[in-house]
Amino acid sequence: MGRARVKYLIDSVILIDHFNNIEAATAFLAEHGSACAISVITRAEVLAGFTVRTEPLARELLDVFPHLPITSEVADLAASLRRSEHWKLPDALQAAVAVQHGLALVTRNTRDFRVGSRKVEVVVPYRL
């Protein structure tokens, strides 16, 4: 069975929720995981929450997803988004990766990312 076309960039909060046993996060990943990618930012943010002993568990899941890099084009777009939206750099980079690859950003971070934003398509699969 082939991998579905990638449609979503998963923000770190979704994976962190999964590891914290938030059922809605796990359900989203189970249903849409084959259409998801992560950025190298998500990988770093998720791994930062694990110990050396427990990190292999996180790596096992993270390695399932295609990883999208931060290129100079992404960095330039992130700088522009940071100026216009006043986002923190990690958020601007996440949005830029999503835009650069034509993906919807899946997050529950509605404080920084608004559904219906003209800058980046945002999907909020659940709220806590």
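The values are calculated or read from the model by the stated rules, or taken from the named source; none is laboratory data. Quantities reported herein were computed from a predicted structural model and do not represent experimental measurements. With ideal geometry, Cβ positions are generated from the backbone for all residues, glycine too; neighbour counts draw on all protein chains shown.
Regarding residue 82, is this residue modelled with pLDDT under 95, out of contact with any strand residue (DSSP E or B) (no Cβ under 9 Å at 6 or more places or on another chain) and in a loop (DSSP other than H, G, I, E, B)?
For residue 82, the condition - modelled with pLDDT under 95, out of contact with any strand residue (DSSP E or B) (no Cβ under 9 Å at 6 or more places or on another chain) and in a loop (DSSP other than H, G, I, E, B) - is not met.
Of a type in the set (A, V, I, L, M, F, W, C), modelled with pLDDT of 95 or more and more than 26 Å from residue 119 (Cβ to Cβ) - does that describe any residue in region 6-25?
Yes: region 6-25 contains one or more residues that are of a type in the set (A, V, I, L, M, F, W, C), modelled with pLDDT of 95 or more and more than 26 Å from residue 119 (Cβ to Cβ).
Residues are listed down the side, and each one gets a yes or a no for (1) more than 20 Å from residue 99 (Cα to Cα); (2) crowded, with 16+ Cβ neighbours inside 10 Å; (3) in contact (Cβ under 8 Å) with a residue 24 or more places away in the chain:
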{"site": "21", "(1), (2), (3)": "yes, no, no"}
{"site": "56", "(1), (2), (3)": "yes, no, no"}
{"site": "60", "(1), (2), (3)": "yes, no, no"}
{"site": "67", "(1), (2), (3)": "no, no, yes"}
{"site": "73", "(1), (2), (3)": "no, no, yes"}
{"site": "80", "(1), (2), (3)": "no, no, no"}
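What residue, among those in region 84-95 that are closer than 13 Å to residue 42 by Cβ and either touching a residue at least 24 places away in the same chain (Cβ under 8 Å) or polar (S, T, N, Q) (or both), is surrounded by the most Cβ atoms within 10 Å (Cβ to Cβ)?
Applying the first criterion (closer than 13 Å to residue 42 by Cβ) to region 84-95 yields 90-91, 93-95.
Imposing the further condition that a residue be either touching a residue at least 24 places away in the same chain (Cβ under 8 Å) or polar (S, T, N, Q) (or both) reduces the set to 90, 93-95.
Working: 90: 17, 93: 22, 94: 31, 95: 28.
Within region 84-95, the match that is surrounded by the most Cβ atoms within 10 Å (Cβ to Cβ) is 94.
Answer yes or no: is there a residue in region 105-124 that is at negative phi, without any contact (Cβ under 8 Å) to a residue 40 or more places away in the chain, surrounded by 12 or more Cβ atoms within 10 Å (Cβ to Cβ) and outside any loop (DSSP other than H, G, I, E, B).
Checking region 105-124: at least one residue is at negative phi, without any contact (Cβ under 8 Å) to a residue 40 or more places away in the chain, surrounded by 12 or more Cβ atoms within 10 Å (Cβ to Cβ) and outside any loop (DSSP other than H, G, I, E, B).
Yes or no: region 50-63 includes at least one residue that is more than 21 Å from residue 112 (Cα to Cα), in contact with a Pro (Cβ under 8 Å, 6 or more places away or on another chain) and in a loop (DSSP other than H, G, I, E, B).
No, region 50-63 contains no residue that is more than 21 Å from residue 112 (Cα to Cα), in contact with a Pro (Cβ under 8 Å, 6 or more places away or on another chain) and in a loop (DSSP other than H, G, I, E, B).
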